[in-house]
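Only the coordinates and a few stated rules stand behind these numbers; no lab work does. What you see is a predicted model, and the numbers here were worked out from it, not measured in a lab. Cβ coordinates were reconstructed from backbone atoms using ideal geometry, including for glycine residues, and neighbour counts include every protein chain displayed.
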Amino acid sequence: MQSNYIYILLTDTGTLFTKSIKKYTKAPYNHASISFDRGLNELYSFGRKHPNNPISGGFVKEDIFHGTYSKYPNTTCVIYKLEVTERDIVKMRRVLNVFKRSRTKFLYNLLGVFGVSLNEPVEFSNSYFCSQFVAEILQRSGIKLWNKLPALITPEDFRNHSHLKLVYEGILFDYEPIKRKKAK
């Protein structure tokens with residue numbers, strides 16, 4: 001029987017916003033994304049809608065070669081895999097489709113980022129920050145990794161979870177599947 005995995009990508013682009021968060025959290029990574037494939041071809045999060053505009057944020061299908069990461073070639077990352085069932089993937093895709101269909105209605109939950117620092121969840125029905133979104137996808141699909149609300153989950157929570165298995169850590173563009181695609 002073949003194993004099924006989803007992938008959690010945690011990154012640090014080195015932008016002013018991420019440096020500010022890092023100064024407070026002391027964590028090495030401050031952005032979380034979810035992918036359904038090892039090569040990170042299908043990668044989703046809440047972040048910049050336009051690579052050159054840090055103000056406009058919301059639900060995004062991230063593109064490593066043409067999106068925000070392309071502007072920051074020295075982005076560091078860690079990639080984890082989580083074993084899931086085929087049924088889990090079906091449920092996650094169903095939840096994800098709600099975000100895709102209503103992508104323009106979703107906003108970046110900047111107040112939620114501050115709420116995490118106070119251990120006080122700040123939730124709005126159409127607003128998420130990156131790690132909240134990834135945790136929400138998992139939780140709504142029946143995968144409960146923590147005993148706290150998605151609005152309190154940080155990238156560091158993913159990094160420290162024992163169910164997530166390390167795949168890679170280093171420069172994002174040195175990750176073998178990405179390196180191969182870039183060489184083509």
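Expressed in nm to one decimal, what extension gain is obtained for the pair residue 3 and residue 97 from 0.36 nm per residue of sequence separation less their Cα-Cα distance?
Taking residue 3 through residue 97 to full extension adds about 31.5 nm, to one decimal.
I'd like the chymotrypsin sites (Phe, Trp or Tyr not before Pro) in the stretch 1-91 restricted to DSSP loop residues with at most 16 other Cβ atoms within 10 Å, sorted by number.
65
For residue 53 and residue 111, compute 0.36 nm times the residue count separating them, minus their Cα-Cα distance, and round to one decimal in nm.
The residue 53-residue 111 span can extend by a further 19.0 nm.
Taking loop as defined by DSSP and a crowding limit of 11 other beta carbons within 10 Å, which trypsin sites (Lys or Arg not before Pro) in the stretch 22-53 fit?
Taking the stretch 22-53 and a limit of 11 other Cβ atoms within 10 Å, the loop trypsin sites (Lys or Arg not before Pro) found are 26.
Local charge sum around residue 138 (other residues, Cβ-Cβ under 14 Å, Lys/Arg +1, Asp/Glu -1)?
+4
Do the alpha carbons of any pairs in 71/91; 91/182; 61/81; 71/182; 22/184; 100/144 sit beyond 24 Å of each other, and which pairs?
Too far apart for the 24 Å limit: 71/91; 91/182; 22/184.
Between the stretch 22-48 and the stretch 136-163, what is the separation of their alpha carbon centroids in Å?
Comparing the Cα centres of the stretch 22-48 and the stretch 136-163, I get a distance of 13 Å.
May I ask you to derive the relative contact order of the chain, considering only C-alpha pairs under 8 Å and at least 6 residues apart, and to give it as an integer percent?
Reported relative contact order: 26 percent.
Place a +1 charge on the Cβ of each Lys and Arg in the stretch 4-183 and a -1 charge on the Cβ of each Asp and Glu, then give the dipole magnitude about the Cα centre in debye, rounded to the nearest 20.
It works out to roughly 380 debye.
Who wins for biggest fluctuation among 109, 74, 30 in a Gaussian network model of the chain, springs between alpha carbons below 10 Å?
74
If each residue of separation counts as 0.36 nm, what is the full-extension length gain between residue 27 and residue 166 once their alpha-carbon separation is subtracted?
Length gained between residue 27 and residue 166: 48.4 nm.
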